[in-house]
Structures are given as C-alpha cells and as structure tokens.
Amino acid sequence: MTDQPVWQPSASREHLKSRAQQLAWVRGFFAERGVLEVETPVLGRHGVTDINLDGIAAAVNAAGVSGGWLQTSPEYHMKRLLAAGSGCIYQIARVFRNGERGSRHNPEFSLLEWYRVGLDDTAMMAEVADLVCGWLGCDRPDVLTYREAQQTLAGIDPMAITDHDLYQYCQQWLEPEQLAGMGRDDCLDLVMSFKVEPLLGRGRPVFITRYPASQAALARVVSDDDGYPVAHRFELYIDGLELCNGYWELTDPVEQRARFEQDNRRRKAAGKPEMAVDQSFLAALDAGLPECSGVALGLDRLLMLKTGAERIEDVLAFPVERA
Amino acid sequence: MASYSTNEFRSGLKVLLDGDPCIMLENEFVKPGKGQAFNRVKLRNLMTNRVWERTFKSGESLEAADVMDQDMEYLYTDGEFWHFMLTDGSFEQYAADAKAVGDTVKWLKEQDVYTVTLYNGAPLTVTPPNFVELEVVDTDPGMKGDTAQGGSKPATLSTGAVVNVPLFITIGEVLKVDTRSGEYVNRVKSS
C-alpha cells in the first residue's frame, strides 16, 4: 500500500448540501428572533485556563503583538460585546481544540454560540429546544439532573459518594495506578462518558442540568434541595451525543478571577502550562456583563444527527488528516 | 525505546502492553466538552492473539514494540525450525519455531513468499498470502463431466492441507486456495 495524497472530500455532496441548509436555517431562526449575528476573532492574544481545553498556539507577529492562540470558543470576545451593550447576539464560529480527534471530534469545528440578555437557563433551554427540535423534527427534550442521571444510569450518587467508593467504581475502566493522579471530577467524567452518556437521549432528547459546582466553569452556582452546590449549567444529549453546553452566566468578576486562578493551580498540579488570564475579558466583567444566558452548540454534531452520519468526517469537507 | 502518547494512537500501531507486543485495532477518543479526555483502545496481543480493551487518560503513553513485518521466502524445515530468507537481496535468514509458524504450516511451500512478523528481531508469527497455489497429491478419482453440479470431496495438497474441492478435481492438478477461509477457489492452468 502506498501513501497517495487524498484530495477528495470525506463528506458526500448530499451532506455538504445539508450543511448549507443548516446554516441558512440557523440564520433564519435568529433573524426571526431579532438576535444579532456577530463575528469575533478566531485568532486571539489569549487562550483559556480551563484544564481540559488545550488551545493551539499561533505565531502572530504584527503591530507589536506576538504569539497568540486559535480560540477554543468565542465566549470571551462575545461577552465583551455584551458588556459593551450589544444586546442579544449569536455567532457561527470556527473553534480549535488541540488533541481532539475521534468519531465525534475534529480539532477544528463549527460552534454556534449565542447569548440572550435577560433570559435564565430555563428559558434558554426552551430556546435551544426550539432551535434543535425545529431543525431535526424531533420530540422536545426531557429534563434530568446530573445527579438523577448518574443515579439511574450508573447507580451512584455523584454528590454523596465517597472518593474511595468512586475510585473503586472507576476500576472497571482504569487500573489503580492510572486513577492515582485523577481528581473527583475526572472520575465523574469517566462515569459520564462510559456509563451515562451512551444511554442519554435515546428515543427522546434529554437536557442534563444542575452539574456539580466543581464543574460550573462560567456558570453561576446555587444550592440544590439537599444543600449540594450545583451549577446553572445544562447540556443537551440526543442519541448519546453531547450537543451543547449552556450557562446562566456568571457575571461576578471577583468570582471569575478566583476560578481562573484555581484553573491555573490545577494546571500546575497536573504538569500543564499555566495560561495567562485574559485581562480584557475580566475588565469587561468589571464594567458589567448584563444578566444573560449563553449556549455553545456543536454544529457538526447537529448535522450528524440530521443526516444520520456515524462519524464527524462524514459531515466535514476535509477533516484534519485531509486538511 | 520510543513511546506513543494518546495523541498518536491509531489503528495499526504496535505497542507494548503488560510486557507483550500488541497491535492497536481500534482507538476511540472520548471527551465531554468540558471534561477529561480518554482513549478507549482495542488491542490484539500478538503473543496470544487475544483482544484486550483498555482505557487511557489523555496524555498517557505506551512504549513502542519493536515489531516489523517482512517479506520472506520459505526455504525448508529441519523438523524443529522453519527457515525463511529476506527477499530484499540480503539473503539474511530467520528460523521460526512451531509456535511462530502455527497453522500457517499447512500453507508453506518452498520458494513462496510469506509475511514474517519479527519481534525484537525474532520471528513472532508467519502469515501466508491470501491465496496460495498448491498441487493435489491425493483425492478420490474424478467424476468426468460433473462440472456444474454441487457436491464436493476432500483433497490433500502437497503441503498436507486438506480442502474440499469439486468432484472433477484429479491428482496432479494445481489449485488456488484462499488461506483465510481454507476454501478452494479454482483450478490453475498448468504451465
């Protein structure tokens, strides 16, 4: 066998046509609702501190700016627009995450991100359902808390289980020495990925809500009925596929600063490079981010669901190996 | 020795796992948007042929196994070892034991070319080509004219392999056989 260069696209023409229709449909959806389409930089001066997101470094050299990062999400730039009084906005963005390649991942992908001023997460979930179910023609989603999902599908209580029992449980996938360096959230991710997620949204889409506060990222945190701190964060799953991630956004700059610093401490402990914090973003929070909810939705995955494609390359003209 | 990190995992990679050489069959990347990434990997242990399923955290690595596939011509057997020679003109010879030769022994014909998998420089397995051409040394007398009907009979080939053949096949004919299924394909015109 020889390594001939592959020049052909990996997606069929039919799927590429479906992609174009999806873009038109999304733009129509937001135009009708008076949400403004925006474009923000794909190439930014800062990356993200999030321990599980690896950016791709760039080598900009212009106007005194050097270095830079391909953006993992348009979030910070869009929140700066919101702080500047943009009102409700959406963006169809290309985003980049290093190391991510599999049947559902490509290091470059299309993200639909939107922010609705004045909406809480419950109202935002209704809008997500309108958009997704309108396009796919599927049933409206059920709602399940993160805790309920793990209790019913994995048989563990993610809030109450002891670290010891959680490590024991995870030994069905990993050796004790592999588990040694893992935190509680990493273990819960393992349970989510291998036990819970494959069963989510079968037959009917499902929103997972109330993530543990430790997985809040940029969402605000409250206490649930049993006093456990939970995040106003939700995700939508259809046919075992994680489709979007939404927050009732954190607007408190002090709390945001603290989370960035905590991220970097975790990065340091894990032997990952610490990331410079985006001070422009924090300055925008200082100036005042309006009360809002935001969602990031994977458009390539949405197209996989629409077309029935099993692998992401079936809906991409050129996945990274062919790019 | 080189090693491969999870970012380099792909099917076909040869790695050491629990001290045994393995070939990666499947690599599934799993990651929640905001969470820890894992690779779920299926590997075949080249020593035992058993398939293992293992999970790795993103960033973990596996040592590369010194495993190489080489084209070699089969020379002869001394009863204990089967001797092969590289086809690259180096005339370098390798001796494979019964474990390495395994079931392939029934397809070994002198001067034919086989894939010999070397592990740390020694033959680990011997794989026959998908099709081999072998002479029939024993079978019941052919039934003239019966070329279209089903019905088959066993025939013993020069290597000792026994395959089911159509009734019209006679001793001395050369047959093309699929080594993967052990099935008769067709007669080969004698030159």
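Side notes on the structure shown:
- From B:12, B:89, residue being away from chain A (no Cβ under 14 Å), surrounded by fewer than 17 Cβ atoms within 10 Å (Cβ to Cβ) and either over 23 Å from residue A:197 (Cβ atoms) or at pLDDT below 95 (or both): B:89
- Residue check, residue A:263 out of contact with any Lys or Arg (no Cβ under 8 Å at 6 or more places or on another chain) and either among the acidic types (Asp, Glu) or more than 23 Å from residue A:109 (Cα to Cα) (or both): yes
- Residue check for residue B:62: touching a residue at least 24 places away in the same chain (Cβ under 8 Å) and within 14 Å of chain A (Cβ to nearest Cβ): yes
- Of all residues in region A:232-290, those satisfying the criterion of being of a type in the set (S, T, N, Q) and more than 20 Å from the chain's Cα centre (by Cα) are A:279, A:280.
- Considering residues of region B:65-84 that are among the hydrophobic types (A, V, I, L, M, F, W, C) and surrounded by fewer than 17 Cβ atoms within 10 Å (Cβ to Cβ) only, the residue nearest to the other protein chains (Cβ to nearest Cβ): B:68
- Checked across region B:103-117, the condition of being in a strand (DSSP E or B), touching a Leu at 6+ places or on another chain (Cβ under 7 Å) and either over 30 Å from residue A:53 (Cα atoms) or among the hydrophobic types (A, V, I, L, M, F, W, C) (or both) holds for at least one residue.
- Summed over region A:50-74, the residues that are at pLDDT 95 or above and within 14 Å of chain B (Cβ to nearest Cβ) give a count of 3.
- Neighbours by Cβ (under 7 Å, 6+ apart or cross-chain): first from region A:144-166, hydroxyl-bearing (Ser, Thr, Tyr); second assigned to a loop (DSSP other than H, G, I, E, B): A:146/A:158
- Some residue of region B:36-55 being touching an Asp or Glu at 6+ places or on another chain (Cβ under 6 Å) and within 11 Å of another protein chain (Cβ to nearest Cβ): yes
- Some residue of region A:239-260 being more than 25 Å from residue A:30 (Cβ to Cβ) and touching a His at 6+ places or on another chain (Cβ under 6 Å): no
- Residue-level check: of (1) modelled with pLDDT of 95 or more; (2) hydroxyl-bearing (Ser, Thr, Tyr); (3) in contact with a Leu (Cβ under 9 Å, 6 or more places away or on another chain); (4) more than 20 Å from residue A:111 (Cα to Cα), residue A:251 misses just (1).
- Total residues in region B:19-50 satisfying the condition of being more than 30 Å from residue A:48 (Cβ to Cβ) and basic (Lys, Arg): the figure is 3.
- Restricted to region A:137-193, and to residues there that are surrounded by fewer than 14 Cβ atoms within 10 Å (Cβ to Cβ) and in contact with a Leu (Cβ under 9 Å, 6 or more places away or on another chain), the residue that is nearest to the other protein chains (Cβ to nearest Cβ) is A:171.
The values are calculated or read from the model by the stated rules, or taken from the named source; none is laboratory data. Bear in mind the structure is a predicted one, so any value in this text is a computation, not a measurement. Please note: Cβ atoms are built from the backbone with ideal geometry, for glycine as well, and neighbour counts cover all protein chains shown.
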